[in-house]
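For reference, the structure is listed below as structure tokens.
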Amino acid sequence: MHATSAFLALAGFAALTTGAAAQAAPPTCTVTVPADPLSAKGLATPYILGGGCTMANAGTQSFVEATILDPATGKLSSYQPLMITQGTTPAVAPVVPKLPANAIVGIWFGSNANTIVLKDTNGSLKQGNCVNGQGAASPFGQFAACNGAALMAAALTKAKIPALGKARDGTVCPTVRSFAVVDQDQSDNVNTQYLLVGTQTAQDTAANRKKFGKKGTPINNGSDNALLTAFLDPAIGCTPFLVPALDDPGVTRATLATDELQGTLQAAPVALVPANDPMVLVNGAQSLTKTNLYRKEVGQTLAANLGQASGKTYCQNFLKVAPPVIQAQKAMTIKGATPDPATGNNLFTFLGARFAKSFGADGLNCVGLLGVNSPITPVLDGNGVAIDLKFATNGGGATTTSKATATAKPTKTKGGKTTATAKPPVYHRTKGGKTTVVTQAPAPTTTKCPTTSKKHTTTTRKHY
């Protein structure tokens, strides 16, 4: 999803980042990629955030995530390289990972800013097979990758992908390629979380959490991936594809790569990056080349022509799948924590508001492509927070609706302001097989969409 989008991406929704103040975001952030980025030394060398962006600003925080494949065994692991603000040093030196022989490493980037541009260090962009968009003039936006295509191609042939389980309602667990999970810009941003210590950052590990205590504030990147693995899966009784963390012994976690790999098990219709995704537009126009560049970095089937990446078809499937699922799973999601208290007062209302925004003219413009209104209408309080949803009964967005009352416990209203009382969880699994939960505090941030689409340049959207 577009940086913003991740969740609400389309929905325009907020990143669940932290207590860091969300200041006005510069139009473009730079991320300096260290030398030999695919090596153990390169992974442990901090990436540098510049261009006027800082890790202390929730609106410009940027993140790196790596997935590693052992080609001999097919086993996957994860590592979260550290991002630091230009001119600062790490609060703690990053852990140097022990990589398997001939390891294949894929690196992905996500940002809470509008756009990130990768910068070279002694040939690092070439060494890492880095892809930032269609040339320097047309970056994707909040997304970039290094060697992502190679890792995904190898993992699809060598890795063992766990089967999808069943949710509490008996339905098959969703993936990031489900039309019930995607938004305006699917498959962007990462699961990485750091600790913010003043103006410095550290890897979010058990050792560092113990070292810094309350002085270390968790910060993260709003995304479809985090929405699925940290919010939706726990709410409906599903478990994501988890792999060992090389930077945090005894912990397992989901990554963009593992989410996309499990997405290959998604039953039809399957959501793949469409040509009308704002992140793959070039000067507001659709581009088959840029669409396929993006798809390749997340292991998706390439489109032979723009018709195979049709935004209209995408919208038709979005309309057909998402609203019924959101309505049917209300009993489970209404009890779930909201990823963004400024968008919805629980997971149920958040999902509905996110869909409505994504479906609208400022999202994928499904209303224009299909000639119908959104079948979900959020009921807002005085602060613009969705507290209820109305569903059209004819499937086409007419005014006849069936009302769903949202009274989730995770939020409360005080003095007219809606706040979150339940923090969204991030799953970690210990060596003993016991799953423990580390919470992360939501704090909405707002930025504008990337300038790849003229339609979106004046539309303010939030992350997720």
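FYI, it's all coordinate maths here, none of it is from the lab. All of these numbers come straight from a predicted model, not from anything done at the bench. Here the Cβ positions follow ideal geometry from the backbone for every residue, glycine too, while neighbour counts run over all protein chains shown.
Give the Kirkwood hydrodynamic radius (Å, one decimal) of segment 177-333, defined as one over the mean of 1/r across all pairs of different Cα atoms. Spell out each step's value before the answer.
Working: mean 1/r = 0.0573 Å⁻¹.
With all distinct Cα pairs of segment 177-333 included, I get 17.5 Å.
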- Item | segment 76-148 - Kirkwood radius from inverse mean 1/r over Cα pairs (Å) | 14.1 Å
- Message: What FRET efficiency comes out for K335 versus A72 if R0 is 41 angstrom and r is the Cβ-Cβ distance? Round to the nearest 0.05.
- Response: 0.40
- Could you tell me, in Å, what Rg and Dmax come out for the Cα atoms of segment 97-226? 17.6, 53
- Item | Paramagnetic label zone (point 7 Å from Cα along Cα-to-C-beta, T313; backbone N under 14 Å) in segment 241-271 | 268-271
- Message: What percent of all Cα-Cα pairs in segment 330-379 falls into each 5 Å bin, going from 0 up to the bin containing the maximum distance?
- Response: 5, 24, 25, 20, 14, 10, 2
- Item | Where a label projected 7 Å from the Cα of K98 along Cα→Cβ would reach, residues of segment 251-288 with amide N under 19 Å | 251-253
- Note on the structure: One finds the C-alpha centres of segment 145-209 and segment 292-313 to be spaced, in Å, by 20 Å
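For a quick check: sort D185, D259, D36 by the number of other beta carbons within 10 angstrom, fewest at the front. Can you show the working numbers first?
On the way: D185 34, D259 25, D36 17.
Ordered by Cβ neighbours within 10 Å, fewest first: D36, D259, D185.
More than 24 angstrom separation, counting every C-alpha pair in segment 280-388; what % is that? Display every interim value, and only then the final one.
Working: 2185 of 5886 pairs.
Cα-Cα pairs in segment 280-388 separated by more than 24 Å: 37 percent.
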- With no solvent and one point on each alpha carbon, what is the Debye value of log10 I(q)/I(0) for segment 260-327 at q = 0.13, 0.17, 0.23, 0.29 Å⁻¹? -0.38, -0.63, -1.04, -1.30
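Give me the mean projected area, in nm² to one decimal, of the convex hull enclosing the Cα positions of segment 190-280.
About 8.1 nm², averaged over all directions.
Calculate, in nm to one decimal, what N383 and K214 gain on full extension: separation in residues at 0.36 nm each, minus their alpha carbon distance.
On the way: separation 169, 0.36 × 169 = 60.84 nm, distance 3.01 nm.
Length gained, N383 through K214: 57.8 nm.
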- Message: Testing the spin-label approximation: label points 7 Å from Cα along Cα→Cβ at K41 and T171. State their distance in nm.
- Response: 5.1 nm
- Item | Cα-Cα over 32 Å, subset of K98/K126; K160/K296; K290/K330; K158/K214; K166/K214; K41/K335 | K290/K330; K158/K214; K166/K214; K41/K335
- Note on the structure: Plugging the Cβ-Cβ distance of T393 and A153 into 1/(1 + (r/R0)^6) at R0 = 35 Å yields, to the nearest 0.05, a FRET efficiency of 0.20
